[in-house]
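To keep things clear, I will list the structure first and then write my remarks on it.
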Amino acid sequence: MKYVPLIWLGIWRKPVRTTLILLQVAVAFALFGVLQGMKTGVDQVVADIRPDLLFVRVSLDSASPLPVAYADRIRSIPGVKTVTFANELVGTYQRPTQLVAVIGIENNEVWKTLLPQIVTIQPKDLHALQNARIGALITPYDARKYGWRIGDRIPITSTTLQNDGSGTWMFDIVGFATPGAKRSTNIFANYDYLDTAGAQNKGTVAFFLVVVSDPQRATAVGAAIDRTFANSPDETTTQPYSVLVEQAVRQIGNLNFVIRSVVSAVLVALVFSIATMMMQTVRERTPELAVLKTLGFSDPAVFLLVVVEALIVCIAGALLGLGLATRIFPIAARFLPGLSMPGIVLALGLIGAVLVSLISVSLPASRAARLQVIDALARR
């Protein structure tokens, strides 16, 4: 403890310089936290997607949706445990720029646990939806954004017309669905309502979700589903849901390469910047360090003194930057459902701060430790 005042005075000997170093470290680790958080978070989301889930959609060669009757044929395929389906209605609320996606889900209990990383539906909300033909489950984000409450009737305008030619679809809010993305604008409604009220494509679905009995055979079961409907008017394309999520991520570019390149460049630049500032600090403090050696400080003690000062500044700056990253991360996370800041990123950030400080201060601290008292006092 007797060295604490000495370390503290050494850190704040040049307040402006110390503040600049803190800000540099904070900005670098804020960037590290957001970018590495996205990479690790995406990997975690993909890993958490249940491996026994298949996504069945219409083949790219077909322009029409899939018949709902396919559900029974899919259930008869060996290895298939559960099949459900959904339809989609894209519309707007009040203004053309306020897009809202309505997902019409089948009336069953599967949706309570089907995709917990994407959406969570409580039993009471699901039952309320099933008991209301034009019922809808909204997200908490939409409730705050539009001021919606349970019991409200909301109009959604769509180019998909109803039997009477109207493009305005009415929904009664009966509960909530909690999405993985905090700013999701999906509404969950009843499939039967969208199907029977729609003027076209009756008895069709946008996609099927299939749960297989053995996750190890998911790919084989998917291939069997596609073979079943090969050469039919509506061929299917079946993929594991985790693969679908990975492909969606790849569409925004080589995420891993970009993040590694940016983070590496930032940290390397930070090492050189801190090393330069620490060399300048040691040169300015040469007489002070010589006095410390005159008073009995050994070479290792002086070395550790300079290292500890750099460690404190870097760790403090990293904590500030990582704290900032956790605040701004939700802005990036809203584009990918289920994405959150993994705790391991914060731990890696602190480890990185220690490594950056040790690498950047090693040469200046070694120079301080090798100072000769006579030469230093003479400013040679």
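List of remarks:
- Those residues of the stretch 278-306 which are part of a loop (DSSP other than H, G, I, E, B) and either under 17 Å from L9 (Cβ atoms) or at pLDDT below 75 (or both), in sequence order: R285, L295, G296, F297
- Once the stretch 338-380 is narrowed to residues that are β-branched (V, I, T) and at pLDDT 70 or above, the residue that is surrounded by the most Cβ atoms within 10 Å (Cβ to Cβ) is V361.
- Selection over the stretch 221-272 of residues that are modelled with pLDDT of 80 or more, touching a Leu at 6+ places or on another chain (Cβ under 9 Å) and of a type in the set (S, T, N, Q) gives a count of 4.
- Extreme residue, farthest from I77 (Cα to Cα), among residues of the stretch 194-247 that are in the same structural domain as V102 (by TED's automatic domain parsing) and among the aromatic types (F, W, Y): F207
- The stretch 173-220, subset outside any strand (DSSP E or B), under 29 Å from the mean Cα position of the chain (by Cα) and among the hydroxyl-bearing types (S, T, Y), residue modelled with the lowest pLDDT: S184
The values are calculated or read from the model by the stated rules, or taken from the named source; none is laboratory data. Just so we're clear, the structure is a prediction, and the values are computed from it rather than from any experiment. A quick note on method: Cβ atoms are made from the backbone with ideal geometry, for glycine too, and the neighbour counts reach across all protein chains shown.
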